[in-house]
Structure formats: structure tokens, C-alpha cells
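The values are calculated or read from the model by the stated rules, or taken from the named source; none is laboratory data. This one's a predicted model, so the numbers in the text were calculated from it and none came from an experiment. Here the Cβ is made from the backbone with ideal geometry for all residues, glycine too, and neighbour counts use every protein chain on show.
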Amino acid sequence: RRVEGKVHIVYMGEKQHNDPGMITDSHHHLLAKIVGSKQKASELMVYSYKHGFSGFAAKLTESEAKKIAELPGVVRVIPNTLHRLQ
Amino acid sequence: TTRSWDSLGLSYESNSNLLHNSSNGDGVIIGVFDTGIWPESKFFDERGLGPVPSRWKGVCKSGEKFNATQHCNRKIIGARWFIDGFLAEYGLPLNSSGQTEFLSPRDANGHGTHTASTAAGSFVGNVSYKGLAGGNARGGAPKARVAVYKVCWNLLGGQCSSADILKAFDEAIHDGVDVLSLSIGFGIPLYADVDERDGIATGSFHAVANGISVVCGAGNDGPSAQTVQNTAPWILTVAANSIDRAFLASITLGNNKTLVGQALITRKENAFTGLLYPESHGLDPTASAICQALTLNGTDAAGKVVLCFTSMSGRIAITSATSAVREAGGVGLIVAKHPSGALYPCPGDFPCVEVDYEVGTKILFYIRSTRFPVVRLSPPKTVVGKPVSAKVAFFSSRGPNSVAPAILKPDITAPGVNILAAASPLDEFADNGYVMHSGTSMATPHISGIVALLKALHPTWSPAAIKSAIITTARTAAPSGLTIFSEGSPQKLADPFDFGGGIVNPNAAADPGLVYDMGTSDYAHYLCAMHYNNSAISHLIGNLTKCPLQKPSVLDVNLPSITIPSIRTTPIVVTRTVTNVGSPNSIYEATIEPPSGVLVSVKPEFLVFNSTIEKISFQVTISTTHQMNTDYLFGSLTWTDKVHIVRIPLSVRTEMFQPYGND
């Protein structure tokens, strides 16, 4: 699955409260729902965005990305891309 | 920067400019998203700086060849790196790229060191690059503090993943930066403003909502139209211009005529040597002398200077021609090409001079007119000031905005050609700790430094107010009064799609009189007008937002510009609101310079402010007399109280029928 999975950004918009720990927990919880376990969610999680806004980056297959996109609170799930220096 | 700040009116010696009045940006924190930093550079010396601002919540993180205790100081107050998104996606570039890189904030590429020193470097006296561009160098806000967020990695010229950029935004918002400087972008076609693949658009929205100004480069895909990047209306998007400085090298021909080119040669004056143009004898009479395919087989190039022609604007043609001439035993190269302003030394400091086609053709005619042509290449001299005028750079990306044509981009232009600043010693062009680079990457930190000065002077101004002050006070003419030119083929007078409001004028921006301010509700207006759905907008801005059934017009977004991509027979009315940030009792009168064949009126024609009236809305009615599709035509609307001149650009395109692909 590591070969299959690509980094996706799960964007959840403005954060709903100011406790970064709780926000990160909610991200793990959400991911665990889709991938089956908290341990697996921890393995796949790349970043938890918890200060300026809410969301996370995780290695996901296309089908997992589609499932997460349908969960409440998720605005969009979008693949990671590259930027360049100017 | 040995000239750029002086050219903008921010001389270090003056005691009456924005630099002085803002205490050199003391206390302001500039976050730089880039390739890291070379902390040993003199530009990051902490002498003369007070304690780290108490509101700072960021960290300095130790890593490979970067010791936080040793390398962070009162200038570099934050330093960390973000690579997990890059590694998770693309594997381990640090082992596989063949390029040096450090798993730490240390900058192997050099780009981040250059940009950070341009925005906030400390004063460094008496520097030069290979003996050229001598003077004192520094950042725009030399007492501002630098927070380094390394998000770009030294692979294929520098790559940055959107997952890492978003994480850097997330942390920077928490850390307490005031300004974010991003000399990075994404090529055409662009993603939507609410698409996280962009990373910069979404992250910057949250930064701006938290009062942080976000300054980004417009891109280097010019001079083609519709190539501007980082187009979200909350971003301050920066084009690049050359400054009033040139590096002129004399080319003396055997007939005693002297022509002039540009070069970064450091060698001493040569004696006269043979001059060669490799004439072709096949079906294509110019094939042998095309720089990128220079053919010197069968010619006696040893000990000679070679002339070649190219239509390529990048460095590849010059690099390739240098190798060919060197291999053939040649001693110099003259490259005839489109003038692009941006200079680099030729590989191995090989003597090479760039000329335009006219000069190149004169040299060619001389060669063809004599049996033994000779030439002498003299080392360049740095020429500064009046004889040289600033131009929008050839490479700088141009508008219109391909995502939302009604949102003018770029916003502003700033020096970005041949900028001398701090180097990483691993930068291939570095010379004794300094390097000259060109790009909108170099223009961006000039604006970031100016934003830092404005933040220090006006700490309560919103990012939109600062952006407005910068745009409405920008220069559209040279000090001589002549309109600014834009490099291209051919060159032309610059318009708002080249330079936005114009070339930044920091001292005027400090006291703009009126600002076109914006807040979250204005950005919601924009997002509704762009047909993003209620749910996406609500999540983005953090409040339940319901767009009105009749979608608002994107033309009414309260920007310091008016751009009408399509007007037909019906007049268009747009609304703007200005906030008085000058003297409370002021009366402003409108002056309109309409685009050719376009009728423009404004109501009311006078804006009367007092201690209770700080904001006034006005309406601009625009109609066209053209009966056919036109290209964009340009004008301006200016409010003045005889003290302040608050100018916004007008851009109007008549479309009597659906456009079919012109720009």
C-alpha cells in the first residue's frame, strides 16, 4: 500500500477550536475511520495542520481519498503537488 | 542591493525617508519560505539589534550542520525545515539528487540566503560582485528579524511540495510572523484559489485573515501574456524590473569603431585579437553561427573571439557556445540576442559579452568587410543613475490573470534584475559571500522588506491596506517624466499587466492618503463571485457564509484597480470604498484618464472626509464607444487632495462577441 499511496491534503478549513492537541486527535480519528486503525492512521499521517487552519496531509490511495472527501467537516481532498523557485 | 534601495528612495544615509521613519523595520518579523539560510553570512549579523520580540513563539531547530544555539541569534530568530511531504511522495532526494543538501535550515542552494538577505539583511559595507556593482548592501528592513521556513529542496533547481508549504503556513501563523515572503510559485495552468494543490493560495488566505501580509513572486514566464502566478486577490504579487544600473563592456573593432554590450567579465583588458563569425556553406546560411549549435569544425577559432546569434532568452545558448569556443581554443565570445537584462558570468569566467541584434549585425558586417577582422573586449564598467532607466524585466510574468481576469495581476513591480545579495558558498555563482541573481524571486523580498517598514510605521494597518498603499502610490513614469518601458520583443510602454500599479515608491506608500481596504467579508464576496460553493467558503473563512442568490460581481471586489475583461453595449457600474488614513478633514477630487475610446465617469466626484466620516463609497460608470472586439486599453482613476495622489489603474476590453483566444 505504500507504493500505491500518494500524499493527499485533507483540507478542513478554519479550525473549530483553539486546542491544537484536540485538533490533531480529531485528524487521527478521522483517518483511522477510513484506514481501519489508529496505528495505521499514525503511520500514514504526514502532517496535522492545527494552528492557522485545520486539516492534514497523509499517504492515501485514491479510494481512501474519495472516502475521506465524503466525511462531514472535510472541505476537499487534493493530491500534493510541487512548486518551483522563481 | 548595492543600488536597488537607493533607486527606490530608501537611501541608508537619509534621515527623512521611510527607512529612517520606521526605525529600519525594527521589531517586525519576516518569515521566508525558501531553501533555508547560510547563517554565517555578514547579512545576518545581530549587532545593533535589541532582544527578540516577546510575541515571537517560533523555534530554532538544530539539524545537519546547523546548530540552533550557534546559528540563530537576534537576527535569525526562527529556523526550521519541512520535508515530510516531499519525502513521503518522492523518496529520498538528499541521497539521490547528486546535489549537496542539508537536512536542516542550512541553505545548500543559495536562493533562500539571497532572498532573506534582500528582505531583512543587516548593513554590510563596501561589497561588490567580481569587482562590479560596488557599494553598501543590506536588506529592505535591516532591523527586521528573519524566521526561516525551509520548504524548498535542492533538487532539479529547487522543488517545494504543497503539503510542506501548507505546514509552514500553519506554523508561521502560530509563530507570530508579520510578513511572509515566498519567492516560489506554480506554473501555468494554475489551480483555483481554493485548491490546496496550490498550497500558497489557501495557506496565504489564513495568514492574511490573521493579519499577516503575504508577498509572492509573479513568475518568470514573461514576456508572454497570461503567465502571472500567485493570483489570489489577498496575495501581494510582485513583478520584476531592472534598476538604473548597467554593466557596460566596450567592444572595439579593428576599424576603430567602439560598440557597447553588457557583461560580467572580470579579466583585464585584452589586446586586439582575431574575430570570427563561422559562416555556413550549406543550405542554411546561418546554421553554423547559432549559439546553441555553434559549429567551429574546420574553422580556425584558436586565439580568436567568436560572434554568434541566438533567439533563445535563457542561459543555455550562452553556456553551450562558451563550451564550443573554449574547446576550439577561442579566447572570447560575443553573443547577439534579445536584450534581457539579466546577466551571469559565463562558465569559468570565460570572456563573453551580450549585445542586441543591431550591434551584433554591425559586428558581422565589419567581419564580412575585412580580410583580418580583429576586436578588443574591455572589462565592463558599472554605470549607475540617470543614463540608465528602469524597465519591466523581460522574464517577468505578465497579466492578465488566467484564473480571474477581473483581478489585476501582478500588483506591483520591484527591482529583480542583477541583484547583489548574500550567497551560500555552495551557489555556483558565489563570489566571496555575494552573488548577483535575477528573477521575480529577487523582486519579491524587496516588497517584503518594504511591507516590513510599513508594518513598523503603521502597525494597525491590514494586509489589504498595506497592499493598497503600495499600489496606489507606485511610479508609472521615470523621474524624468517618461513612461516606464517594458522589455519584450519589441519593447513597449509598460501597462498594468506588466507592472500592476507601477514601480514601488516606498516613501509615498508610507503616506497614501486613502486606502482600498479589505477584510474577510470582501474576500467572501470574491469567492461568491467566483462561484465557489457556500460550504467551501464557510469552511475557508470560518463563518457560515451564504452567497446571495444573485451572485455579487467580481468587478466590485474592493481592489485598488479596476479591470473589465468584457464590456459590450451596456455600461458597467463598479463600486469601490476608500478609507481615509491621512488628515481627518480632507477633500479629494477625482481625475480620470480614460482608456482610448472608453467613457468613464465617477460619482461623487468629490470625497469629503471629516472626523466622523472615514470611509466613503463611490461608483465608476464605464462604457465603450468601440463597435468591435478590442484588446485591453488602459487608463487610470486618481483621487487627489493636492497633497496625496491615489491612483488606480483602469483596464478595459471591449468584447462584442465571444473571444476566441487572443490575449
Could you list, ordered by first residue, the pairs with Cβ atoms under 6 Å in which the first is in segment B:520-544 and among the β-branched types (V, I, T) and the second is modelled with pLDDT of 85 or more, at least 6 apart or interchain?
B:T520/B:A209; B:I537/B:A524; B:I537/B:L527; B:I537/B:T545; B:I541/B:T520; B:I541/B:A524
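Quick one: is B:S22 closer than 21 Å to B:G211 by Cα, of a type in the set (S, T, N, Q) and surrounded by 16 or more Cβ atoms within 10 Å (Cβ to Cβ)?
On the way: closer than 21 Å to B:G211 by Cα: yes; of a type in the set (S, T, N, Q): yes; surrounded by 16 or more Cβ atoms within 10 Å (Cβ to Cβ): yes.
So B:S22 passes the test.
With more than 23 Å from B:C216 (Cα to Cα), surrounded by 18 or more Cβ atoms within 10 Å (Cβ to Cβ), more than 13 Å from every other protein chain (Cβ to nearest Cβ) and in contact with a His (Cβ under 9 Å, 6 or more places away or on another chain) as the only criterion, which of A:A41, A:A65 stands out?
A:A41
Rundown of residues vs (1) aromatic (F, W, Y); (2) under 33 Å from the mean Cα position of the chain (by Cα); (3) more than 14 Å from chain A (Cβ to nearest Cβ); (4) under 30 Å from B:L453 (Cβ atoms), yes/no style:
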| residue | (1), (2), (3), (4) |
| --- | --- |
| B:G502 | no, yes, yes, yes |
| B:A529 | no, yes, yes, no |
| B:P548 | no, no, yes, no |
| B:T569 | no, no, yes, no |
| B:V574 | no, yes, yes, no |
| B:S596 | no, yes, yes, no |
| B:T612 | no, no, yes, no |
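Within the group B:W153, B:W234, which residue is over 14 Å from the mean Cα position of the chain (by Cα), over 27 Å from B:I537 (Cβ atoms) and among the aromatic types (F, W, Y)? Show your work before the answer.
Values: B:W234 fails: over 27 Å from B:I537 (Cβ atoms).
Going through B:W153, B:W234 in turn, the sole match is B:W153.
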Report, by residue number, each residue of segment A:62-86 that is touching a Ser or Thr at 6+ places or on another chain (Cβ under 8 Å), outside any strand (DSSP E or B) and free of Cβ contacts under 8 Å to residues at least 24 places away in the same chain.
A:T81, A:Q86
Report yes if some residue within segment B:223-238 is within 11 Å of another protein chain (Cβ to nearest Cβ) and under 30 Å from B:P380 (Cβ atoms); otherwise report no.
yes
Out of the residues in segment B:327-354 meeting the condition of being among the small types (G, A, S) and outside any loop (DSSP other than H, G, I, E, B), tell me which one is nearest to B:A289 (Cα to Cα).
B:A336
Testing B:S462 on (1) touching a residue at least 24 places away in the same chain (Cβ under 8 Å); (2) farther than 26 Å from B:P584 by Cβ; (3) more than 14 Å from chain A (Cβ to nearest Cβ); (4) among the hydroxyl-bearing types (S, T, Y), one condition comes back false. Which one is that?
(2)
Could you list, ordered by first residue, the pairs with Cβ atoms under 7 Å in which the first is in segment B:196-214 and more than 7 Å from every other protein chain (Cβ to nearest Cβ) and closer than 18 Å to B:S521 by Cβ and the second is hydroxyl-bearing (S, T, Y) and part of a loop (DSSP other than H, G, I, E, B), at least 6 apart or interchain?
B:G211/B:S462
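Given the residues A:K33, A:K59, which is the only one that is over 21 Å from B:F205 (Cβ atoms), outside any loop (DSSP other than H, G, I, E, B) and within 8 Å of chain B (Cβ to nearest Cβ)? Outline the logic, then answer.
Working: A:K33 fails: within 8 Å of chain B (Cβ to nearest Cβ).
Answer to the check: A:K59.
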Look at B:L156 and say whether it is within 12 Å of another protein chain (Cβ to nearest Cβ), crowded, with 24+ Cβ neighbours inside 10 Å and outside any helix (DSSP H, G or I).
no
(1) within 14 Å of chain A (Cβ to nearest Cβ); (2) more than 30 Å from A:L71 (Cβ to Cβ) all hold for B:N585 apart from (1)
Over segment B:371-401, the set of residues at pLDDT 95 or above, in a loop (DSSP other than H, G, I, E, B) and aliphatic (A, V, I, L, M) is B:A393
For segment B:172-184, which residues satisfy the criterion of being outside any loop (DSSP other than H, G, I, E, B), surrounded by 24 or more Cβ atoms within 10 Å (Cβ to Cβ) and either among the basic types (K, R) or facing chain A (nearest Cβ under 8 Å) (or both)?
B:A172, B:I184
Pull up segment B:240-259, narrow it to residues that are surrounded by fewer than 16 Cβ atoms within 10 Å (Cβ to Cβ) and on the phi < 0 side of the Ramachandran plot, then point me to the one that is farthest from the chain's Cα centre (by Cα).
B:N255
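Search segment B:116-153 for residues being among the basic types (K, R) and under 18 Å from B:P53 (Cβ atoms), and hand back the single one that is farthest from the other protein chains (Cβ to nearest Cβ).
Looking only at segment B:116-153, we keep the residues that are among the basic types (K, R), and these are B:130, B:138, B:143, B:145, B:150.
Still in the running and under 18 Å from B:P53 (Cβ atoms): B:143, B:145.
On the way: B:K143: 26, B:R145: 19 Å.
The residue in question is B:K143.
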Subset of segment B:306-324 [without any contact (Cβ under 8 Å) to a residue 12 or more places away in the chain and within 20 Å of B:S280 (Cα to Cα)]:
none
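For the structure I just gave you, tell me whether A:G52 is within 13 Å of another protein chain (Cβ to nearest Cβ), touching a residue at least 60 places away in the same chain (Cβ under 8 Å) and touching a His at 6+ places or on another chain (Cβ under 8 Å).
Details: within 13 Å of another protein chain (Cβ to nearest Cβ): yes; touching a residue at least 60 places away in the same chain (Cβ under 8 Å): no; touching a His at 6+ places or on another chain (Cβ under 8 Å): yes.
No.
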Name the single residue that is farthest from B:A452 (Cα to Cα) among those in segment B:7-52 being charged (D, E, K, R) and modelled with pLDDT of 95 or more.
B:E40
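With within 13 Å of chain B (Cβ to nearest Cβ) and either modelled with pLDDT of 95 or more or crowded, with 22+ Cβ neighbours inside 10 Å (or both) as the only criterion, which of A:G5, A:G13, A:G73 stands out? Show your work before the answer.
Numbers: A:G5 fails: either modelled with pLDDT of 95 or more or crowded, with 22+ Cβ neighbours inside 10 Å (or both); A:G73 fails: either modelled with pLDDT of 95 or more or crowded, with 22+ Cβ neighbours inside 10 Å (or both).
Result: A:G13 is the single residue among A:G5, A:G13, A:G73 that is within 13 Å of chain B (Cβ to nearest Cβ) and either modelled with pLDDT of 95 or more or crowded, with 22+ Cβ neighbours inside 10 Å (or both).
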Can you name the number of the only condition in (1) within 16 Å of the chain's Cα centre (by Cα); (2) surrounded by fewer than 24 Cβ atoms within 10 Å (Cβ to Cβ); (3) more than 10 Å from chain A (Cβ to nearest Cβ) that B:G187 fails?
(3)
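Going by the structure shown, is A:K40 part of a helix (DSSP H, G or I) and free of Cβ contacts under 8 Å to residues at least 60 places away in the same chain?
Working: part of a helix (DSSP H, G or I): yes; free of Cβ contacts under 8 Å to residues at least 60 places away in the same chain: yes.
So A:K40 fits the description; yes.
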For segment B:1-45 the number of residues that are in a loop (DSSP other than H, G, I, E, B) and touching a residue at least 60 places away in the same chain (Cβ under 8 Å) is 18
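So which residues in segment B:632-648 are within 29 Å of the chain's Cα centre (by Cα) and either closer than 21 Å to B:N580 by Cβ or modelled with pLDDT under 95 (or both), if there are any at all? Give the steps one after another, and end with the answer.
Of the residues in segment B:632-648, the ones within 29 Å of the chain's Cα centre (by Cα) are B:632-640, B:644-648.
Within segment B:632-648, B:S636, B:L637, B:T638, B:W639, B:T640, B:H644, B:I645, B:V646, B:R647, B:I648 meet the criteria.
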Being farther than 21 Å from A:T81 by Cα and away from every other protein chain (no Cβ under 14 Å): is that true of B:K57 here?
no
